[in-house]
Amino acid sequence: MVIRLAPLLFVLLWSSSFIAVKTGLRDVTPLLFVAIRLSLCALALVAIMAVMRRSWRPLGHGRWLHCAVAGALLNGLGLLPPHIGMALAPSAQVALVQSLTPLLTAALSVVLLRESLARFQWLGLALGLAGVAVVVGQAALESATRFEGLVLAFAGVVGLVSGTLYFGRFCRGVPLLQGATAQFIAAAVVAAISTWTLETPAIRWTEGAIAAIAWNTVLVSLGGMALYSAMLARGTAARAAANFYMVPGTAALLAWAFLDEALSPLAIVGLVLASTGCWLVNAGAVRPRRV
């Protein structure tokens, strides 16, 4: 039952992250926000490993390094640039740019992981790209600052795609808890170094900041990424990443409801195209090629 509901739960959690981050960034600098979030995740997972007396042996023979690389890409590079971008651009538009994740994942997984897509699924990926292009093009014409924020969001896409493909190639055989622990420890180290070297960290411990950090730590990072890893372990990289196409529309509705962010007609067109692309990608099975 949980596995069947995993895509829906993942979309809801990941979409809510944009709203929580936008709220938290009023009181916390972006990279520090990520560093705190990932460090708390790493500490929680290490504690769970100790309480459950789980062995670290599944991470032997260099598998810990593969999980660390995947974690640094997925949760390090995948989160740090978009959090800066969230301070510059509307949350719904940042979420829309991240829907490029399935397009790049599918295109590269065909080559690197020998996965295959049906023709109508490729059409869905193309529609998703068109939807993103509409919004990014409009942002480039209207505001250089907003465009910069969306470029940073795309840097996060690169992290998510590379981490997804790396996980699919090297980490599927590692138990979920041990693998996630190694991933978050590595990501926390990357985030801490980035915070120390790239920004002047600052935080005000308001109720909003604490709530935003707690939500993104427990429900999004631990819960959401556990669901994503489970989907990756039981399916293909392209199919798991396709769920990102559902995030922009959900995030836009949440941003409208909680942050009073309005959408332009062109942004709505982009969201419709991306949602249609999501439906097409998920309408058929994405399966490995036979050698």
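FYI, it's all coordinate maths here, none of it is from the lab. Fair warning: this is a prediction, and the values are worked out from it, not measured in the lab. Reconstructed Cβ throughout: ideal geometry from the backbone, glycine too, with neighbour counts over all protein chains shown.
Structural remarks
- For region 249-265, 3J(HN,Hα) computed residue by residue from phi via the Karplus equation (6.51, -1.76, 1.60; θ = phi - 60°) reads x, 5, 5, 5, 5, 5, 5, 5, 6, 9, 10, 6, 7, 9, 10, 6, x Hz, glycine and proline entered as x.
- Length-normalised contact order for the chain - Cα pairs under 8 Å, 6+ apart - percent: 40
- Taking amide hydrogens as placed 1.01 Å from N in the peptide plane, the amide H of Leu79 sits under 5 Å from that of no residue at least 5 positions away in sequence or on another chain.
- Helix-derived mean residue ellipticity, 222 nm - over the chain, DSSP H n ≥ 4, -39500 (n - 2.57), to 500: -23500 deg cm²/dmol
- Candidates Arg119, Arg63, Arg26: whichever shows maximal mean-square fluctuation once the chain is modelled as a Gaussian network with Cα springs under 10 Å: Arg119
- Dipole magnitude (debye, nearest 20) for the chain, charges at Cβ of Lys, Arg, Asp, Glu: 1360
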